[in-house]
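Q: Let me begin by handing over the structure; questions about it come next.
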Amino acid sequence: QVQLVESGGGLVQAGGSLRLSCAVSGYTFNRYGMGWFRQAPGKDREFVAAINWSGSVARYEDSVKGRFTISRANARNTVSLQMNSLKPEDTAVYYCAKDAVWARDSPSLARGEYDYWGQGSQITVSS
């Protein structure tokens with residue numbers, strides 16, 4: 001069975017930092033890309049960041065470029081999202097997700113191209 005288990009959510013003041021982690025099992029982790037998406041109340045789930053199967057290519061939504069960093073630790077089957085300089089508008093439930101396509105070199109930004117999802121982690125940034 002495929003499982004994605006997130007940890008690291010919480011409350012932080014604007015300008016602070018948090019790190020989300022997603023531990024995965026049930027598939028060949030180092031042959032699939034991984035992504036992070038977020039959903040704020042009343043909003044659609046939106047792309048945040050993604051990393052390809054090898055870790056050589058990462059993509060980011062414009063509003064988080066320079067503040068967020070996605071990384072993967074293949075030996076531990078873990079993908080992480082380091083979030084710095086957090087803003088109130090970053091408040092959302094964050095989800096890690098598995099790319100459905102084997103060994104895709106360029107990470108996908110599309111929700112429909114991810115086939116398994118973590119349980120969601122609440123990130124709240126206060127002002």
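The values are calculated or read from the model by the stated rules, or taken from the named source; none is laboratory data. Just so it is clear, the model here is predicted, and its values are computed rather than measured. All Cβ positions, glycine included, derive from the backbone under ideal geometry; neighbour counts span all protein chains shown. In case anyone asks, the SASA skips ligands and DNA or RNA and just uses the protein heavy atoms, side chains included. Shrake-Rupley method; radii C 1.70, N 1.55, O 1.52, S 1.80 Å.
Q: May I ask you to list the residues in the stretch 73-84 that are open to solvent by 40 Å² or more (accessible area, probe 1.4 Å) and touching a strand residue (DSSP E or B) at 6+ places or on another chain (Cβ under 9 Å)? Spell out how you get there, then give the answer.
A: Going through the stretch 73-84, the residues open to solvent by 40 Å² or more (accessible area, probe 1.4 Å) turn out to be 74-77, 82, 84.
Correct list: 76, 77, 82, 84.
Q: Here is a further query. Determine which member of the set 27, 94 is of a type in the set (Ser, Thr, Tyr), in a strand (DSSP E or B), touching a residue at least 12 places away in the same chain (Cβ under 8 Å) and surrounded by 14 or more Cβ atoms within 10 Å (Cβ to Cβ).
A: 94
Q: Still on this structure: Give 63, 56 a once-over and let me know the one that is part of a helix (DSSP H, G or I) and farther than 20 Å from residue 10 by Cα.
A: Of the residues listed, the single one that is part of a helix (DSSP H, G or I) and farther than 20 Å from residue 10 by Cα is 63.
Q: Additional query: Does residue 68 meet the test of being among the hydrophobic types (A, V, I, L, M, F, W, C), touching a strand residue (DSSP E or B) at 6+ places or on another chain (Cβ under 9 Å), under 17 Å from residue 4 (Cβ atoms) and crowded, with 20+ Cβ neighbours inside 10 Å? Even if it seems obvious, please write down each step before you answer.
A: Numbers: among the hydrophobic types (A, V, I, L, M, F, W, C): yes; touching a strand residue (DSSP E or B) at 6+ places or on another chain (Cβ under 9 Å): yes; under 17 Å from residue 4 (Cβ atoms): no; crowded, with 20+ Cβ neighbours inside 10 Å: yes.
No, not satisfied.
Residues are listed down the side, and each one gets a yes or a no for (1) over 13 Å from the mean Cα position of the chain (by Cα); (2) open to solvent by 70 Å² or more (accessible area, probe 1.4 Å); (3) aromatic (Phe, Trp, Tyr):
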residue	(1), (2), (3)
10	yes, no, no
16	yes, no, no
32	yes, no, yes
40	yes, no, no
44	yes, yes, no
62	yes, yes, no
87	yes, yes, no
105	yes, yes, no
114	no, no, yes
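Q: Inside the stretch 97-127, can you point out the residues that are among the hydrophobic types (A, V, I, L, M, F, W, C), farther than 21 Å from residue 41 by Cα and either assigned to a loop (DSSP other than H, G, I, E, B) or at pLDDT below 95 (or both)?
A: If the condition is that a residue be among the hydrophobic types (A, V, I, L, M, F, W, C), farther than 21 Å from residue 41 by Cα and either assigned to a loop (DSSP other than H, G, I, E, B) or at pLDDT below 95 (or both), then 103 is the only one that fits.
Q: Looking only at the stretch 66-91, which residues are of a type in the set (Ser, Thr, Tyr), in contact (Cβ under 8 Å) with a residue 24 or more places away in the chain and assigned to a strand (DSSP E or B)?
A: Once the filter is applied, which keeps residues that are of a type in the set (Ser, Thr, Tyr), in contact (Cβ under 8 Å) with a residue 24 or more places away in the chain and assigned to a strand (DSSP E or B), the stretch 66-91 yields 78, 80.
Q: On the basis of being more than 15 Å from the chain's Cα centre (by Cα), surrounded by fewer than 16 Cβ atoms within 10 Å (Cβ to Cβ) and within 17 Å of residue 107 (Cβ to Cβ), does residue 54 make the cut? Give the derivation first.
A: Numbers: more than 15 Å from the chain's Cα centre (by Cα): yes; surrounded by fewer than 16 Cβ atoms within 10 Å (Cβ to Cβ): yes; within 17 Å of residue 107 (Cβ to Cβ): yes.
Yes: the conditions hold for residue 54.
Q: Can you say whether residue 44 is among the acidic types (Asp, Glu) and either part of a strand (DSSP E or B) or modelled with pLDDT under 95 (or both), as far as the supplied structure shows?
A: Answer is no for this residue.
Q: Considering each residue of the stretch 108-127, count those that are in contact with an Asp or Glu (Cβ under 8 Å, 6 or more places away or on another chain), closer than 18 Å to residue 21 by Cβ and of a type outside the set (S, T, N, Q), and give that number.
A: 4
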